[in-house]
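Heads up: the structure comes next, in structure tokens.
The values are calculated or read from the model by the stated rules, or taken from the named source; none is laboratory data. Since we're looking at a predicted model, the values are computed, not measured. No Cβ is skipped: glycine too gets one built from the backbone with ideal geometry, and neighbour counts run over all protein chains shown. Quick note on the areas: whole protein, heavy atoms, side chains included, nothing else; ligands and nucleic acids left out. Shrake-Rupley method; radii C 1.70, N 1.55, O 1.52, S 1.80 Å.
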Amino acid sequence: MFEMFSKLAEILVGLLDGVRRRREIGKDAVLAQWLFGVVDQLLDVCVRGERILGELDAWLNGQGVDGHLPELLRSQSVAVELLRRDLDASRALLGSVSANAFLTLAPLVDEKSGLLSRWAQQVTQAVHSSTAVFFLPGDVLESVLRLASESDAFDGDRIEYVVVLGQCIREAKSQEVRDLRSVAATEHQRLEADVRAARERLQKTRECCVAMVSDLEQSIGSEPVAVFRRKLIAQLPDRKP
């Protein structure tokens, strides 16, 4: 999960950087407002992600298993689905920036085969598993995204991509901790390392979000960004998962 959010943030940073170099974002308030909204949603996901890791820390340290981890994971899944839909609905907007912009995002946000949707399935199927928390390892995620890019899986035949992704998920599940409420002593060290790596990815995601807000303020000014923020706050009751 955390690797996906970090990768998504990196892609968005690249998109914003490309737009900024062409000096287009300053005259495109719609695109700027959309980007600011996505950044806000990503930061919300980061906050909940840190709470998830905190709950997992408590479980691993023997502080009780009646915490809120399943509830937080389900809530995170709902929030990520809202983000996925917003990104999916941006096809036309992103197409106005670059013909390939949405194709870069598609392996993450596609409704049927995208990584965000496939992760949400794991939360639904086994909310207490390590796969629900961490999903795919970073190197596996990178290889899946590379395959999607090289095979044009989201602009043509995606059979090879779907087969490979299915294999990767099955491999991850074959090595998962099926129930985090009862972790064998031999698994503690691996899970603690996974938590540390996840926190690093969360920090990277936050840094990307901060960089995007800074770029937006430099491109269009702090006052328009403040207006976007006020509009976003006014919409919060409708966006809560």
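Out of 148, 198, I need the residue that is more than 23 Å from residue 124 (Cα to Cα), touching a Phe, Trp or Tyr at 6+ places or on another chain (Cβ under 6 Å) and buried (at least 16 other Cβ atoms within 10 Å of the Cβ). Which one? Within the list 148, 198, the selection yields 148.
The condition of being acidic (Asp, Glu), closer than 23 Å to residue 196 by Cβ, outside any helix (DSSP H, G or I) and touching a residue at least 12 places away in the same chain (Cβ under 8 Å) holds for only one of 176, 171, that being 176. Of everything listed in (1) buried (at least 19 other Cβ atoms within 10 Å of the Cβ); (2) over 26 Å from residue 166 (Cα atoms), the single unmet condition for residue 58 is (1). Listed here are the helices (runs of 4 or more DSSP H) enclosed by region 86-136 that have at least 1 residues being small (Gly, Ala, Ser) and open to solvent by less than 10 Å² (accessible area, probe 1.4 Å): 101-109, 130-134.
All conditions in (1) under 22 Å from residue 61 (Cα atoms); (2) polar (S, T, N, Q); (3) in a helix (DSSP H, G or I) hold for residue 182, with the sole exception of (3).
Filter region 201-221 for residues that are polar (S, T, N, Q) and at pLDDT 75 or above; which is most open to solvent (accessible area, probe 1.4 Å)?
The initial filter retains those residues of region 201-221 that are polar (S, T, N, Q), namely 203, 205, 214, 218-219.
Narrowing further to those that are at pLDDT 75 or above: 203, 205, 214, 218.
Working: 203: 85, 205: 0, 214: 44, 218: 138 Å².
Looking at residues that are polar (S, T, N, Q) and at pLDDT 75 or above, I get 218.
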